[in-house]
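Participant: Can you keep this structure in mind? I'll have questions shortly.
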Amino acid sequence: MEEIRVLLWQIATKSTIYPTQVPVLPDKPSAVNQRSLVVVSGYYGFDNLGDEAILEELISELKEFVQAEKIVVLSNNPSQTAELYGVRAVDRWRLAEFIPLLGQARLFISGGGGLLQDATSPRSVFYYAGQILAARLARVPVLIYAQGIGPLKRATSKIVAGCALKMANHITVRDQASLAFTEALGLSAELSADPVWSLKASPLPQSFILPSGTTDFGTANPLIGVSLRRHSYLDSEHLGLLARIFKKIFPANTVFLMLPLQKSEDNDVLEKLVDQCKRLDLKASLLKAEDLVKPSQWLKLMENFDLLIGMRLHALLMAIKAGKPVVGMPYDPKVTYLCQAFKQPLLDFERSAQDGLENAWLSTIEAAYTDRGKLAEGASQTTTLMQEKSCKNFAILAKILKS
């Protein structure tokens, strides 16, 4: 126990650890087989829709092989996670709760999502690598589950991420760039896809309030979804530009529904866009995220949009999965990869609002709305392929947990 705490402290304080120095202990199958828990780690309990959708699908897959009380999620909000998904959950920040679980665990799952990245801070890489190290020291097999590796801008982050991957027993990654990273380390990984491609839509709550201006989904009123998040590039001038474009392009009865996939990051900018739209007499409202309890209900909501314009990866992914066209705003390479794979248009995200951006954005969004049927149809075959790839995640879990 003390050895694990010391090593975790070394990682947390960014002590340089090279691949040849990582102490990977051999598994003892007889001991592991006597254990019963599956411990799940990821960016869970932060009210981020994309990560919660991944967790909902992962838990659904795990319940095919493991009793619900044997699934333990490391969460920022354990009580909420336990209630929502019907499993056990502990505080992800408390070593005193995490470390004892490893002595009872038959499998440690790291993922999915983009965990081994330092775009926001290098702490993410050290945190998740530390958990993997602790699991391996406790002789618990580790599955890297449908992760997107990177971006990794710092040399130390690349070293630590490499260590974490080399300690894993099984690896599935969700994109080609992540596969290339693992192969460069001489590791074998399975190219799957984001687990949300396998998530099944669930009905909207009966109490769900439809956006202002509509009496029922499926009416003649066009419904446009908008997903934005806080970003240094996105300022009030860009929001005003978007509102003016909406006024020029869409019919007067169009309803614009703003989608906060993570309230703490999205609400402020979306509320500002609603204000800009209302100044131009557009019908715009902010979705009350708390009205949708499960991520799978968002999938049902996506079925009702005529077009989605957005920054958030999982807003775009869910819309495409629901058969709807999208226009991506590529603040992150993962958004670019997704839209390019599905031949969906992208807005130029690197120019100022004064640099001729309005005409460029207007023509892109107008063309997408005009050709929305063709865009949706063109993405359908790739959607089927991604769903098939996503099933590989389930197949890996089945292979591990049935053995």
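Participant: I need a count of the residues in segment 161-186 that are aromatic (F, W, Y) and buried (at least 23 other Cβ atoms within 10 Å of the Cβ).
Facilitator: Final tally of qualifying residues: 0.
Participant: Restricting to segment 192-207, give me the number of residues that are surrounded by 15 or more Cβ atoms within 10 Å (Cβ to Cβ) and either assigned to a loop (DSSP other than H, G, I, E, B) or of a type outside the set (S, T, N, Q) (or both).
Facilitator: Initially, segment 192-207 is screened for residues surrounded by 15 or more Cβ atoms within 10 Å (Cβ to Cβ), giving 192-199, 201-202, 204.
Filter again for either assigned to a loop (DSSP other than H, G, I, E, B) or of a type outside the set (S, T, N, Q) (or both), leaving 192-197, 199, 201-202, 204.
The qualifying residues number 10.
Participant: Given the options L199, L133, name the one that is modelled with pLDDT of 95 or more, under 25 Å from L338 (Cα atoms) and not assigned by TED's automatic domain parsing to the domain that holds L259.
Facilitator: Within the list L199, L133, the selection yields L199.
Participant: Which one is farthest from G150 (Cα to Cα), of the residues in segment 81-114 that are β-branched (V, I, T) and within 25 Å of the chain's Cα centre (by Cα)?
Facilitator: Out of the qualifying residues, it is V87.
Participant: Now, a different point. Residues to consider are P211, P251; find the one that is closer than 25 Å to D371 by Cβ and at pLDDT below 95.
Facilitator: Being closer than 25 Å to D371 by Cβ and at pLDDT below 95 holds for just one of P211, P251, which is P211.
Participant: Given the criteria crowded, with 24+ Cβ neighbours inside 10 Å, among the acidic types (D, E) and under 16 Å from D194 (Cα atoms), does E52 qualify?
Facilitator: On the way: crowded, with 24+ Cβ neighbours inside 10 Å: yes; among the acidic types (D, E): yes; under 16 Å from D194 (Cα atoms): yes.
In short, yes.
Participant: Being within 21 Å of G50 (Cα to Cα), assigned by TED's automatic domain parsing to the domain that holds V38 and at pLDDT below 95 is the requirement here; does G112 meet it?
Facilitator: So G112 passes the test.
Participant: Moving on to the next point. I'd like the residue in segment 328-337 that is in contact with a Pro (Cβ under 9 Å, 6 or more places away or on another chain) and without any contact (Cβ under 8 Å) to a residue 60 or more places away in the chain and, out of all such residues, is farthest from I365 (Cα to Cα).
Facilitator: So the residue we want is T336.
The values are calculated or read from the model by the stated rules, or taken from the named source; none is laboratory data. No experiment lies behind these values; they were computed from the predicted model shown. Note that each Cβ is placed from the backbone with ideal geometry, even for glycine, and that neighbours are counted across all protein chains shown.
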